[in-house]
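Q: The following block contains the structure, expressed as structure tokens.
The values are calculated or read from the model by the stated rules, or taken from the named source; none is laboratory data. As the structure is a prediction and not an experimental result, all values here were calculated from the model. When we count neighbours, we look across all protein chains shown, and the Cβ atoms used for this are built from the backbone with ideal geometry, even at glycine.
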Amino acid sequence: AQSVTQPDIHITVSEGASLELRCNYSYGATPYLFWYVQSPGQGLQLLLKYFSGDTLVQGIKGFEAEFKRSQSSFNLRKPSVHWSDAAEYFCAVGGNSGNTPLVFGKGTRLSVIA
Amino acid sequence: DSGVTQTPKHLITATGQRVTLRCSPRSGDLSVYWYQQSLDQGLQFLIQYYNGEERAKGNILERFSAQQFPDLHSELNLSSLELGDSALYFCASSVRGLAESTDTQYFGPGTRLTVL
């Protein structure tokens, strides 16, 4: 069965500092991987996705993620965090069939301090 | 704005009642998914419809049901509500929802259900 682990429940970083949010997945075949962001009181916004090809994917808002098959990881990174990045971040895995629903991690809450 | 709309935004009701949540997918999207987000369970998949037919089922309770109409909007019906049903309910849509490698789900803003 598919599963996603986000080891960090809450992370606090200073504005301007770099960020890495961890995501490990378990899936029997080639996974399709996603990062979504949820701001307070908002829905889920897609940051980036990985289906195939280049293992380093670029997303919106300056985020990027790297797929590492050997480590079953898909970590999200940003070189310089802005206060507006404070939100909840969810990693999700889906299969190569549209019939496969997304399985989400528990989320990582990011706080940004001045 | 993802293009997926959900109504109502907030819903407060009592135990034992029945409510209906509505979702309109992005223009052209044929597939609709429902997810429940609660503090203890996180984001969980409930059910998927494609072009009016049920495609996949997750941990959806028997008290819950859904359907997708000919105009592709979807409704999630929750009955005999319990305190534990209080959660944020998301609808997502995607273009095809079949074996397509680039299928991506776009989420609506959610409906927050509070059961008192």
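Q: In this structure, is B:Glu62 of a type in the set (Asp, Glu) and in a loop (DSSP other than H, G, I, E, B)?
A: In short, yes.
Q: Taking the conditions exactly as written (farther than 22 Å from A:Gln42 by Cα, within 15 Å of the chain's Cα centre (by Cα) and at pLDDT 95 or above), does B:Arg63 satisfy them or not?
A: yes
Q: How many of the residues in segment B:82-93 are surrounded by fewer than 24 Cβ atoms within 10 Å (Cβ to Cβ) and within 12 Å of B:Tyr49 (Cα to Cα)?
A: 0
Q: Across segment B:42-57, what is the number of residues that are in contact (Cβ under 8 Å) with a residue 24 or more places away in the chain, closer than 11 Å to B:Cys91 by Cα and either of a type in the set (Lys, Arg) or within 8 Å of another protein chain (Cβ to nearest Cβ) (or both)?
A: Going through segment B:42-57 one residue at a time, the tally reaches 1.
To keep it simple, each residue is scored yes or no on (1) touching a Phe, Trp or Tyr at 6+ places or on another chain (Cβ under 9 Å); (2) closer than 24 Å to B:Tyr33 by Cα; (3) at pLDDT 95 or above; (4) not aromatic (Phe, Trp, Tyr).
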| residue | (1), (2), (3), (4) |
| --- | --- |
| A:Leu46 | yes, yes, no, yes |
| A:Lys49 | yes, yes, no, yes |
| A:Gly53 | no, no, no, yes |
| A:Gly62 | no, no, yes, yes |
| A:Ser70 | no, no, no, yes |
| A:Lys78 | yes, no, yes, yes |
| A:His82 | no, no, yes, yes |
| A:Asn96 | yes, yes, no, yes |
| A:Thr100 | yes, yes, no, yes |
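Q: Would you be able to tell me the number of residues in segment B:12-56 that are touching a Ser or Thr at 6+ places or on another chain (Cβ under 6 Å), under 12 Å from B:Leu113 (Cα atoms) and in a strand (DSSP E or B)?
A: Final tally of qualifying residues: 3.
Q: Also, quick follow-up: Kindly indicate whether A:Leu56 is hydrophobic (A, V, I, L, M, F, W, C), under 13 Å from the mean Cα position of the chain (by Cα) and surrounded by fewer than 16 Cβ atoms within 10 Å (Cβ to Cβ).
A: It is true that A:Leu56 is hydrophobic (A, V, I, L, M, F, W, C), under 13 Å from the mean Cα position of the chain (by Cα) and surrounded by fewer than 16 Cβ atoms within 10 Å (Cβ to Cβ).
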